[in-house]
Structure formats: C-alpha cells, structure tokens
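Here the structure is laid out as structure tokens; the discussion comes afterwards.
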C-alpha cells in the first residue's frame, strides 16, 4: 500500500512535467522523517524519470518533499520500490517544524523513511546547537545514533587555523532523541580552546530547544578579604512548566557556609516568588551574633480572588536576622530598612480600594541602652545620626486607600475623590492615626489660538489622633493624647502657550512654551502637633516647580497664595532632541514647612532648571541645577551622561545635594559615579566602574576587569575594592571569576552587563 502510494506520487510528477505532485499519506508511519501518518505530501523536482522494469523512480534538480512542515531537499532522490529504500544525494537537508535541521551529502532511508544511514552527518538544533559525526544511523524516525561525534553551540569558522570552536563536547557514542529532546553521551571529553579539560563516562543534556532543564548552573569562583576564597554552585530544578526551584550552596574559607534557595511559581490568576538564605560562620564576625546562625527571607506574591478580575490579595516580605548579614554576604542591595506588607485590593473601572498592613525592619545600627536625657544618647557610644528616625520604625496597620473616579465628567471636568487612613503603632515613641479625605476637580481646554488652560479646585480635610507625642517613652513623662483637625482648600489655574516653528516629516521643529500657574490657598497648612510621618524627605527638582502639590505624603502641606512661573523650549531633530526648562516659585510670604536647605522656603524660591540632549542610541545628557535665588550660587547640581558606540559605552553621573530633610537628619552629599565598557579585539571587552565621595574626599568603591562574550561562551575576571566600613564590616577586596557555557537556544538577554560583579554572590547586573 505504501509502495503504491509513493510510486503514485512520483508517477504523477512525471506525467505533470515534474513541477509538483500531491498524494495522501504515501509513506505512512507516525515518526518518520517527514512527519505523522496523516496529511498530504508535496513533492517538487525539475525532472522525474521512471524505470518501469526496475521499478525505480528518480527525481533530479531541486528536489523537495514537504509533509506537515517537515521538509527534505536534495539534488536527487531515487526510490527503489522492491527494496523500499529511498536514496537522497547531493546537499541533503532535512528540516523539522521545531527548527532542527540535518545536513548530509548522502542519505539512505528505509522502513517508510524512519530508518537510515546518513553520511557526513551535521545537525543544527535550534539557533546555536551543532552536532557533527562522520556517520549517523537513524532509528525509528526520532533517534539518531552517532559514533565519534562532537557537540557545541559555537560558530565554526572554515578559515585555516580557526576551525576549532571555543568549547566542544567530544564523545565516542552519542544518541540524539528528538522526542525527548535529549542528547546522551558516552565516554565524553570537554574541550576548551582545543585543550581537553574534563572527562566523564556518561552524561546527558537537553538539546538547545529546551528552555528549562534540571541541572547545575554556571558556578562563581572568587576571593574576598572578608570572606576568603569562595565558590557558589547553583542547582536548578524544573518542577513543572510553571514552577521551579534553585538551590545555591556557597562555601567560603572565612565566611562559613551559606545555603540560598529560590522558589518561583506562576498560575493563571497570579504568582509567587520566595528566596531564603541561612548561613553559619564558625569564625564569627557579625555584631551581636558572633559564631551563630543567620538567615533571611525575601518574597512576594499576588493572586486573584474569585473568578472576576476585581479583587486581589498579595504580600511582600523582606526579613533578616541580623542588620549587617545581608551586606556582609552581598545578598541584598543595601538600604536603610526592609519592608513587609500584606494587602487586599479591589479595582473596578477607574475606582480602587486597598487595605494594607506594613511592618518595617531597620538595617541602621541600633542603640541597646538609652539615657533619659533629651536628646537621648547611647550609654556606651555616640548615637547614630539616623537612629532617632529608624530605631522607632512603626507598625502600619492598617493603611486604607480608596479612590473614586466617575466614568463621566462632572461639570465638564475630571473629578476624583480620595480617602486615606493609616494607624501607626510603636513600642517606643509616639503612635498616631490619620484620616484624610480629598476631592479634586480639573477642567482642561484649548483656546482657538492654541493656549492650553487647566482650571483646578481641591478640598481636603484631615483628622489626627496622636499619643505619646514625645521622642521616647520615659517613666516620668505622662502620656499625652491629642486630636487635631486641618482643612486645606485651594483653587488654581495652569496656563501654557506653546509656539511651534517648522516640523513635518524629516524636518527640524522648535517649541517655545511659557508656563504660569497661579494657586490661591489659605495660610496655616501645618498646625502645631501634627506629626511628620510620611513627608520627611523633600527633594524638589525641575518637575516639582510646575506642580500644584509639591510635597510627598499627607502630613506636610504647602499653604498660602503662590505662583509657579517659567518656560520650556525644545528643538526636535530627525534623530534627536534638545530641551531646556527653567522655573521658579513666587510667594507673598515664606512657607515655614520648607527647610532652608530645600530652596523653597523664601518668597522667591531657587531657580530650578533642566537641560537635556538625546540622540539615541549614541548620546543622552541630562543636567539638573538648582540656583540659589539670593546669591546666584549653585545649591543642587546633577549631571547624567550616557554614551555608546558599537560595543563601547560610558555612563557618568555627578550629584551634589544639600542638607535637605525637613527633620534635619540627612547630610550634604557630593558624589561622582562612572562606569565604562570598551570593546577590544574579537569578543573581548574591558570594563571598569568607580564611585567617589567628593564631600569627604574618599573613594567608596571601584572595580575593573576583562570579559569575553559570544554566542557560546561568557566569562569574566574582575577585581573590586570596597573602601568604607559599616559597623562590623571592614573595607574589603574581592576577585571574582565567572564563566558560563551558553547552551540554550536563545542568547542571554543581559549581554555584557552580566559581566559586572556588582554583588559577590549574585548575578545582578548594573
């Protein structure tokens, strides 16, 4: 039956002049080279001849057989009906729907094309996987057995002296199982740069078409002055298509042992991520916990409640057993505190309701014993400047947020109602509760001559309850309880009139836009006794100049009539843009809620500007400046430069910020930060990064190294120096060697940035 089917295809092609032919299921078989046993075959050839006596059909010239996306091409194909064999010669190519491609100068196939011998076997698996053997045997349509075979993901150059790939696996016996997507090796040797470096009698791997596979990941090896020599050996476990686990033991000579684990899961209505660590250092070294066991837990999760996409529940977790543990082992990007939350959220249309509970953990040094003096000091040492703010981190339970935005305009404008309530509880120090209700309405419109006008009205009311409104609880100070109310209405208008010159396809356009905002509001926006819990760090820049409400949070409120004036000009080129913006705030009286360091305390604020140049992908420059209105000096200065050309890139930032916190706890800051990557010969790069504290004339950290990155191999050698001390963590020096054999189908999306070892034990990029 199958013989007559194939013969019918070829005979039809002969009668039709060799252009093409169709037949239903001539080969049969479920796992043959051309596909399953159902569907049509299509054959094309320049010419077809038929030997009736010998029962041999020969197709020549650009022969192609297509069945359900599986294609075989060759210069010539001969079919022997009696022997039931197909012989393809000359540039034989077999292509599968999954992307695998097999090459051979000569192939002899039988058993409905499921078995056969392929001479000079070559296979391209996915985009980068390459298998090669002198001869391969095809079995059952889904297995290929090779003797003295080679596998690599490196490009193989045919130029003299460049035919050896950077790495390859050689084996005397190899089986490629296309159904299981497995490559099995026996008596295998790993070569790197043409040198044998490892032998194993047996191992297997998934072919490059598999995205997720259980097995060892690339290790990190290095040395640190604080941790000694160390090695990280991550092991990845693929549980299902939507769940996986990564286990990462870390061994070091001075830092003891660390076990890090990560669990990830995604489902239709949400997902979850958990990362935990546990460490034991018999050498000690962590303050107040020497020689003990330390741990941490990070994670987040989100999921839908019910069948509708309205209600969701979620959490975020950041916990550690020791304030310096995470920094010492480079397990977390350093911050002053960790936060944890549990929330329920509902979203319907444009409206939203959310209730959240927060728990915070300080990473700033604590003071175990406090004197009863005011201000309090440590009994054993001087108090940290940030202790007053961080040692009494509250428990926020609950935080309630509600926003209502109607679907239709009200009085022609956009209306919004917000309700916000929070309860802050402390074991030491003040506790307080706040309820805020706010209504906003705004109406934007455009005049006939192009003026942009927005009218806005806002009405807000606050109710506070404060308890123990002293710095700390002391036995001789009685408990206080106060109720404070506040009402803050204002109306404002925003006027802009952009003038545009030029423009059009491929032409330069110029924009000049004057801006005036006028706000009418009463004085007294911050009654005595209202605590400042959420508006402490006020950083006012060029974007805040043109804002009706400049202060973050709810506790501090800007008051009094004022005007925001300035302009914006921009040049738009076919391949880039240049923009300049300048603004200032004018008042009838100074606003006492702003500290002098902010530049917004006087009747005339500092002049704030921004200059931006963008010519992607080559250049991006942003300069933010704050000019003191009284003397013309620069109070705040920020410059960010990002340039790239080919494989070379440069990033430089300069920041100078004054003491600006309204509770007077932050110190002035002046810092320069730079990093560069320079493409060298071939796939080699050099990289360097440095950060310097100009205010205190000291280096903070620097690093430099060499890296190699191509389609099959990634490696780097880097040196890093940390110059600062944090409690029990002294300045440190580290050397890190990292390498990775790229065996997956898709290339690493992080590219060269992965070569920067920002953290000793992690792969976090810049």
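The values are calculated or read from the model by the stated rules, or taken from the named source; none is laboratory data. Just so it is clear, the structure is predicted and the values come from calculations on it, not from any experiment. For neighbour counting, all protein chains shown are included, and Cβ atoms are generated from backbone atoms with ideal geometry for every residue, glycine included.
Can you name every residue in the range 611-644 that is within 23 Å of residue 574 (Cβ to Cβ), in contact (Cβ under 8 Å) with a residue 24 or more places away in the chain and in a strand (DSSP E or B)?
611, 612, 613, 614, 615, 619, 643, 644
Of (1) modelled with pLDDT of 50 or more; (2) under 35 Å from the mean Cα position of the chain (by Cα), residue 385 satisfies all except one. Which?
Going through (1) modelled with pLDDT of 50 or more; (2) under 35 Å from the mean Cα position of the chain (by Cα) one by one, residue 385 breaks only (1).
Given 558, 579, which one is outside any helix (DSSP H, G or I) and touching a strand residue (DSSP E or B) at 6+ places or on another chain (Cβ under 7 Å)?
579
Count, please, the residues in the range 687-698 that happen to be in a strand (DSSP E or B) and either surrounded by 15 or more Cβ atoms within 10 Å (Cβ to Cβ) or on the phi > 0 side of the Ramachandran plot (or both).
7
Residues 166, 227, 217: which one is touching a helix residue (DSSP H, G or I) at 6+ places or on another chain (Cβ under 9 Å) and either surrounded by 17 or more Cβ atoms within 10 Å (Cβ to Cβ) or at pLDDT below 80 (or both)?
227
For the list (1) closer than 20 Å to residue 585 by Cβ; (2) modelled with pLDDT of 90 or more; (3) crowded, with 19+ Cβ neighbours inside 10 Å, I need the number of the one condition that residue 604 fails.
Going through the list (1) closer than 20 Å to residue 585 by Cβ; (2) modelled with pLDDT of 90 or more; (3) crowded, with 19+ Cβ neighbours inside 10 Å, residue 604 breaks only (3).
Could you tell me which numbered condition residue 198 fails, if it satisfies all but one of (1) in a strand (DSSP E or B); (2) over 30 Å from the mean Cα position of the chain (by Cα); (3) farther than 30 Å from residue 719 by Cα; (4) modelled with pLDDT under 85?
Going through the list (1) in a strand (DSSP E or B); (2) over 30 Å from the mean Cα position of the chain (by Cα); (3) farther than 30 Å from residue 719 by Cα; (4) modelled with pLDDT under 85, residue 198 breaks only (3).
Please work out if residue 642 is over 28 Å from residue 502 (Cβ atoms) and surrounded by 16 or more Cβ atoms within 10 Å (Cβ to Cβ).
So residue 642 fails the test.
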